[in-house]
Structures are given as C-alpha cells and as structure tokens.
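Some notes on the structure that comes next.
The values are calculated or read from the model by the stated rules, or taken from the named source; none is laboratory data. Treat the numbers as computed from the prediction; the structure is a model and nothing was measured. Using ideal geometry, Cβ is built from the backbone for each residue, glycine included, and neighbour counts are taken over all protein chains shown. Protein only, heavy atoms only, side chains kept; ligands, DNA and RNA dropped before computing areas. Shrake-Rupley method; radii C 1.70, N 1.55, O 1.52, S 1.80 Å.
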Amino acid sequence: MSRFIKRIVKYFLEKRQKKLNRLQENLVPKTYINSTTKTHISAASTMRLTTETEKNKEKMDFCVKNIIMQNLETPEKLLDYIAEHGTNVYKIPFADKILNVIGEEEGFITPLNGIKALYLNIILGLLSNKNFSCSLDTDEMFVLRDLPVNIYYMIHQFHKWYGFKIELPGYDAQTQENFKNAFSNLKEEDFSDMSVGEIIGLKEAIARDAEAIDFVINLAREKSGAKKALDKMKNDGSAQI
C-alpha cells in the first residue's frame, strides 16, 4: 500500500477496529444472562438470521464495490449517488465539531430522535439549505465538512449507509444509540443491564462497522496491488508482483 493508504489504515481504520474488538470482547454471556428477561432467542432462529445476513452482505459487497470502483477518482459523485437514492447530504463548516456535541461522527448518520434530532435540525437549518425545523426526529443523512471528500473515509461511511438501506440488522434507532454510547464510553458494567435482544443488536451494530472497515482495507490493498502490477508491466512487461 502507498504511504498515504497506510496512514489512513493505521490512524483511523485500525484504531477503530481495535476499539470495536474490545467492545466485542466485553459482550460475553455472563454480562447479559438475565433470568427475568422476556426475550427468548433460540439457537436455530439465530442461525437463520446469521445465514440470511451473510447472503445479503455478500450481495451488498459486490454492489458496493462496483459503485466505488466507478467513482474511485471522483468521490463527490458518491454523494450524488446517495442523494439520488433518497438520503439528504449536507456539507457545512465545522461539521465534525458540531456533530461531536451530540456524540455523532462526520459522515453517515442514522435517524435520530429527541434532543439530538432537534439540535441537528436547528443547526442544519442555520448552516445549510435545509428548511428550518424544530422537529424531534430526523431521517438518515450524510453530514460532512465543506471540504474535499477523503475517499477511504467515504468508502467506510458509504458501506455502512448501503447496509442501512438494504436493512441489514444493527441499524435500528435503539441499537445505534446503544452502539454509540458503548463506543464512546467503553465500560463493561454498561452491558450488565441490557437484555439479550439488546446485546445481540449491539453485536450486529459492531459487526456492521467492522465489516465496513474490512471492506476499505481489502479494497485499498487490492487497488495498491493492481497499481504495482501495472507499474511492473510498464517497466519490464511482466504482470508478476
């Protein structure tokens, strides 16, 4: 991989991946077994869900890769694609700092409700072309700084957005709230009061984020390998790496 790609992988993706791994390790059975829970999930139903999810993920990765490869040199067009498929895109100054106030990250934001939604609606009404609203709900959206798009960060966010659009598990409002809280405040005791259903949902949300990271890393390596092969061919007519 190029030096730039390595830097992206090391300082963003790998760092995030390690945190996701620590989250996953904390979700051991002893933290959520609860004799009073009303949630019952059989091994068979869980397996069917996993199998169906895996099939949908494979189809999604194939589609996402095709879309990304067509727009690898023009990442702004990915935002056009997102908007064309019903998700609003906003580019505003200091988006990262504005979103940090409510515990959100720049990029893809799942639907919000309550005070977070009100805050974001007001901010977007002031700083973008969005109609001013005091609603306590938002649809899914992309919110980015008014800067050129970083392609590798964008791929990570695009992958998650696509998963949301095809309704992969892990993107419902409560699960996403649990995930964001757990990701920003990594404390094992926070999991002890969750139901089995909430824990499984959280594990799904972690998996979606981790899958998006793996997708970016693999695509970056593949792109880097293809470039090496092309350079090799130019230099000595050989495609061997």
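The lone criterion from (1) more than 28 Å from Leu124 (Cα to Cα); (2) surrounded by fewer than 17 Cβ atoms within 10 Å (Cβ to Cβ); (3) not charged (D, E, K, R) left unmet by Thr53 is number (2). Scanning the stretch 114-134 for residues that are loosely packed, with under 14 Cβ neighbours inside 10 Å and not in a loop (DSSP other than H, G, I, E, B) yields Ile115, Leu126.
Restricting the stretch 96-105 to residues that are acidic (Asp, Glu) and surrounded by fewer than 19 Cβ atoms within 10 Å (Cβ to Cβ), which is farthest from Asp172 (Cα to Cα)? Among them, the one singled out is Asp96. On inspection, Met141 fails the criterion of being closer than 21 Å to Pro75 by Cα, at pLDDT below 95 and either among the acidic types (Asp, Glu) or open to solvent by less than 60 Å² (accessible area, probe 1.4 Å) (or both). Need the failing condition index for Asp96 against (1) in contact with a helix residue (DSSP H, G or I) (Cβ under 9 Å, 6 or more places away or on another chain); (2) under 21 Å from Ile213 (Cβ atoms); (3) assigned to a helix (DSSP H, G or I), just the number. Evaluating Asp96 over (1) in contact with a helix residue (DSSP H, G or I) (Cβ under 9 Å, 6 or more places away or on another chain); (2) under 21 Å from Ile213 (Cβ atoms); (3) assigned to a helix (DSSP H, G or I) leaves (1) as the failure.
Evaluation of Asn150 against the conditions (1) at pLDDT below 90; (2) under 18 Å from Asn88 (Cα atoms) shows that the sole unmet condition is (2).
Of the residues that make up the stretch 159-175, is at least one polar (S, T, N, Q), within 25 Å of Asp61 (Cβ to Cβ) and surrounded by 14 or more Cβ atoms within 10 Å (Cβ to Cβ)?
Residues of the stretch 159-175 that are polar (S, T, N, Q), as a first pass: 174-175.
Retained after the next criterion (residues that are within 25 Å of Asp61 (Cβ to Cβ)): 175.
Still in the list and also surrounded by 14 or more Cβ atoms within 10 Å (Cβ to Cβ): 175.
Yes, that holds for at least one residue.
Please go through the stretch 135-152 and give me each residue that is outside any loop (DSSP other than H, G, I, E, B) and not hydroxyl-bearing (Ser, Thr, Tyr), ordered by number. Selection gives Asp137, Met141, Phe142, Val143, Leu144, Arg145, Ile151. Within the stretch 58-94, if we keep just the residues that are among the aliphatic types (A, V, I, L, M) and under 17 Å from Ser128 (Cα atoms), the residue that is surrounded by the most Cβ atoms within 10 Å (Cβ to Cβ) turns out to be Leu79.
Whether a residue is among the β-branched types (Val, Ile, Thr), over 18 Å from Met60 (Cβ atoms) and not in a loop (DSSP other than H, G, I, E, B) was assessed, and Ile155 does not pass this test. Across the stretch 56-76, the number of residues qualifying as charged (D, E, K, R) and either over 15 Å from Lys160 (Cα atoms) or not in a helix (DSSP H, G or I) (or both) comes to 2.
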